[in-house]
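Working notes, structure below.
The values are calculated or read from the model by the stated rules, or taken from the named source; none is laboratory data. What you see is a predicted model, and the numbers here were worked out from it, not measured in a lab. Positions of Cβ are generated from backbone atoms using ideal geometry, with glycine treated the same way; all protein chains shown enter the neighbour counts. The protein model used for the area step is the full one, side chains on, heavy atoms only, and it has no ligands, DNA or RNA in it. Shrake-Rupley method; radii C 1.70, N 1.55, O 1.52, S 1.80 Å.
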Amino acid sequence: MMKRIARATTLVLGIALAGASLMPVRSALADPMLADFDYPHEVRRFEFTSQGQPLSMAYMDVPATADPNGRTVVLLHGKNFCGATWEGVIRPLTEAGYRVVVPDQVGFCKSSKPRAYQFGLHQLAANTRALLDQAGVSDPIVMGHSMGGMLAMRYALMYQDEMSGLVLVNPIGLEDWKAEGVPVVTVDELYKSELKTDADSIKKYQLSTYYNGEWRPGYDRWVEMLAGMYRGQGGDLVAWNQALTSDMVFMQPVVHEVQNIRVPTLLMIGERDTTAIGKNRAPAELAKRLGNYAELGRRTAGRIGGSVLVTFPDLGHSPQVQAPDRFNAALLENLGQVSAQR
């Protein structure tokens, strides 16, 4: 049993943002902690100390609604997503007998956004492991999407003996963008770019990169979820944390280590995805070949021994959002096979 380093409490309103007073103020209409955005299940809080400062991670802990099968699935969100984005996946899993735990990582959504923090995939994995320890979760199936998939792979490399399965949904980090030739920029430059973020820019990016140019009204909710954090007082701190985590994912690819993953693994890949961090600042010819998920999915599956690859040729970066029925059917069909290998 891992050492318990913190305790869980129920949601407490008015959590202070670490260092918020150090950032410039925009207006009084701030919602950097998503206080006005409803999550599909009760939000709890994991209070802990990391890097010398008190922090708070929001998370949902949803019990099985059918006969419990004794297994827990941990859902890790992407960089432009939150725990709430998993709402369409949580219910099918609980109806199949799984307990589901869904954290918001430090720096994101309803969790603390520190002014000074050494963001790293190792650190976020350690934070997640501590949360699961206090929640009494052992041998989970860890499932990550986008940046959450990148984090899930790092988690698997660090804690392989404490997992029963790994599920990767269009994970980023399957190519080394810096090594490919994407120019490096400073955190200050990333921050200036993040300050320009609004609902229009979020929608434009997701339309072209995530959804292959096809927009549905249901996607607007997720745009508003993100855009709301950037508005008003505290929005600058959100932008700063986003800049820090953008630097993290750019500088810490897992592609060079995926062959060391020994956990039974399921990859679920929307092949129309073209996500690649920094592609917008890459030379045109390089940008064209980055984020080829049809190729990246096959390549990665070939390097993770015994892995199962499920592809969605007509879907993009978020197959669980685009086609939830198809995605969940494929997930449940293959999840038992993957986790049963251990």
*How are the Cα pair distances of the stretch 102-153 distributed, in percent, across 10 Å bins from 0?*
22, 58, 19, 1
_Overall dimensions of the stretch 57-169 as given by Cα atoms, namely Rg and Dmax in Å_ = 13.1, 44
_Run the helix sum for the chain: -39,500 (n - 2.57) per DSSP H stretch of 4+ residues, divided by residue count, reported at 222 nm to the nearest 500 deg cm²/dmol._
-10500 deg cm²/dmol
*Please identify, among 170, 280, 260, the residue showing maximal mean-square fluctuation in a Gaussian network model of the chain using a 10 angstrom Cα cutoff.*
280
*Ignoring ligands, DNA and RNA, what percent of the 1.4 Å accessible area of the stretch 60-151 is carbon and sulfur?*
44
*Picking from 124, 56, 98, whose Cα lies most toward the positive end of the charge dipole for the stretch 31-127 (charges on Cβ: Lys, Arg +1; Asp, Glu -1)?*
124
*If a/c stays under 1.5 just call it rounded; otherwise compare a/b with b/c (prolate if a/b is bigger, oblate if not). Do that for the chain, with a ≥ b ≥ c from the square roots of the Cα gyration tensor eigenvalues.*
rounded
_Surface per residue (accessible, 1.4 Å probe) for the chain, Å²_ = 41
*May I have the pair-distance distribution P(r) for the stretch 176-248, computed from all Cα-Cα distances with 5 Å bins from 0 and rounded to whole percent?*
3, 15, 20, 21, 19, 14, 6, 1
*Is there a pair in 79/192; 196/288; 79/196; 79/178; 79/204 whose C-alpha atoms are over 22 Å apart, and which pairs would that be?*
196/288
_Under 10 Å, Cα contacts only: if you run a Gaussian network model on the chain, which one of 195, 131, 266 comes out with the highest mean-square fluctuation?_
195
*Enter the mean projected area of the convex hull around the alpha-carbon atoms of the stretch 254-342, in nm², rounded to one decimal.*
6.4
_Estimated dipole of the chain in Debye, rounded to 20 [Cβ of Lys and Arg +1, of Asp and Glu -1, Cα centre]_ = 440
*By its C-alpha gyration tensor, with a ≥ b ≥ c as the square roots of the eigenvalues, how is the stretch 157-307 shaped: rounded for a/c under 1.5, else prolate for a/b larger than b/c, else oblate?*
prolate
*Provide the net charge surrounding residue 122, with neighbours chosen by a C-beta distance below 11 Å and charges set as Lys +1, Arg +1, Asp -1, Glu -1.*
+2
*Gaussian network model of the chain, Cα within-10 Å springs - most flexible of 215, 177, 86*: 215
*P(r) weight above 16 Å for the stretch 242-303, C-alpha pairs, percent*: 57
_the stretch 128-242: translational diffusion in µm²/s, Stokes-Einstein, Kirkwood Rh over Cα pairs, 10 °C, 1.306 mPa s_ = 94
*In debye, nearest 20: dipole of the stretch 183-342 around its Cα centre with unit charges on the Cβ of K, R (+) and D, E (-)?*
360
*Rounded to the nearest 5, what % of the DSSP beta bridges within the chain are antiparallel ones?*
40
*So what are the three principal axis dimensions of the stretch 180-221 from its Cα atoms, in whole Å, longest to shortest?*
36, 26, 11
